[in-house]
Amino acid sequence: MATQIFVNLPVKDLSRSRAFFAELGFTFNEQFSDDKAACMILGEKLYAMLLTETYFKTFTNKEISDAHKTTEVLIALDAQSRADVEEMVSKAVKAGGSTYMDAQDHGWMYQHSFSDPDGHQWEIVYMDETALVQS
């Protein structure tokens, strides 16, 4: 079983992407960052590698999808409360992102979403498993 995850995302402007995510409170591991890549820390042993499109292309033979037009992945991150969900989405919009869906309240799970400047979709989710109804 894997012990770490590195989600690799192509970005058009690495400086803009770093600034955007820094506004949301994320930090970066500079040991794995340079002018082609930024290693964003999502949690303990959880990382998003923001790679310039040119560098990203060295890892694949496929075309890079335009995340503003198509969805290849939804990145879901947990939050500690409903308020934290809304705070993160609010920060994202203020920093230049956008919402792409209204908030969803499933009783035991609350989620809201934003797109970063490159169109990647981020789901911020609070789960109260004590409220999960077993059927």
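The values are calculated or read from the model by the stated rules, or taken from the named source; none is laboratory data. A quick note: this is a predicted structure, and the numbers were derived from the prediction, not measured. FYI the Cβ positions are ideal-geometry reconstructions off the backbone, even for glycines, and counts take in every protein chain you see.
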Worksheet item: When residues of the stretch 28-52 are filtered for being under 17 Å from the mean Cα position of the chain (by Cα) and over 30 Å from Gln80 (Cα atoms), how many remain?
Response: 1
Worksheet item: Would you call Gln80 assigned by TED's automatic domain parsing to the domain that holds Gln4, more than 18 Å from Arg16 (Cα to Cα), touching a strand residue (DSSP E or B) at 6+ places or on another chain (Cβ under 8 Å) and outside any strand (DSSP E or B)?
Response: no
Fill in: Qualifying residues in the stretch 4-27 (those that are touching a strand residue (DSSP E or B) at 6+ places or on another chain (Cβ under 8 Å) and among the polar types (S, T, N, Q)) - the one farthest from Thr52 (Cα to Cα)
Gln4
Worksheet item: For Ala92, are the conditions met, namely being in the same structural domain as Val125 (by TED's automatic domain parsing), hydrophobic (A, V, I, L, M, F, W, C), under 13 Å from the mean Cα position of the chain (by Cα) and part of a helix (DSSP H, G or I)?
Response: yes
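How many residues are surrounded by 19 or more Cβ atoms within 10 Å (Cβ to Cβ) and farther than 21 Å from Glu53 by Cβ when one looks only at the stretch 89-113? Break it down stepwise before answering.
Step one: of the stretch 89-113, the residues surrounded by 19 or more Cβ atoms within 10 Å (Cβ to Cβ) are 89, 92, 97, 110-113.
In the following step, the residues that additionally are farther than 21 Å from Glu53 by Cβ were identified as 89, 92, 110-113.
Residues that pass the stated criteria total 6.
Hey, among the residues in the stretch 77-88 that are in contact (Cβ under 8 Å) with a residue 40 or more places away in the chain and either more than 13 Å from Glu123 (Cβ to Cβ) or of a type outside the set (Gly, Ala, Ser) (or both), which one's surrounded by the fewest Cβ atoms within 10 Å (Cβ to Cβ)?
Applying the first criterion (in contact (Cβ under 8 Å) with a residue 40 or more places away in the chain) to the stretch 77-88 yields 77-82, 84-85, 88.
Subsequent filtering for residues that are either more than 13 Å from Glu123 (Cβ to Cβ) or of a type outside the set (Gly, Ala, Ser) (or both) retains 77-78, 80-82, 84-85, 88.
On the way: Leu77: 14, Asp78: 13, Gln80: 8, Ser81: 11, Arg82: 15, Asp84: 14, Val85: 22, Met88: 18.
Out of the qualifying residues, it is Gln80.
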Response to the item:
Just one listed residue, out of Glu23, Glu72, Glu63, Glu44, is more than 26 Å from Tyr110 (Cβ to Cβ) and acidic (Asp, Glu), and it is Glu63
Discussion item. Here is a check on your reading of the model: is Phe20 farther than 14 Å from Asp118 by Cα and either at pLDDT 95 or above or in contact with a helix residue (DSSP H, G or I) (Cβ under 7 Å, 6 or more places away or on another chain) (or both)?
Written reply: no
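Test of understanding: among Leu74, Leu42, Leu132, Leu50, which residue is closer than 19 Å to Pro10 by Cα and exposed (fewer than 15 other Cβ atoms within 10 Å of the Cβ)?
Numbers: Leu42 fails: exposed (fewer than 15 other Cβ atoms within 10 Å of the Cβ); Leu132 fails: closer than 19 Å to Pro10 by Cα; Leu50 fails: exposed (fewer than 15 other Cβ atoms within 10 Å of the Cβ).
Answer to the selection: Leu74.
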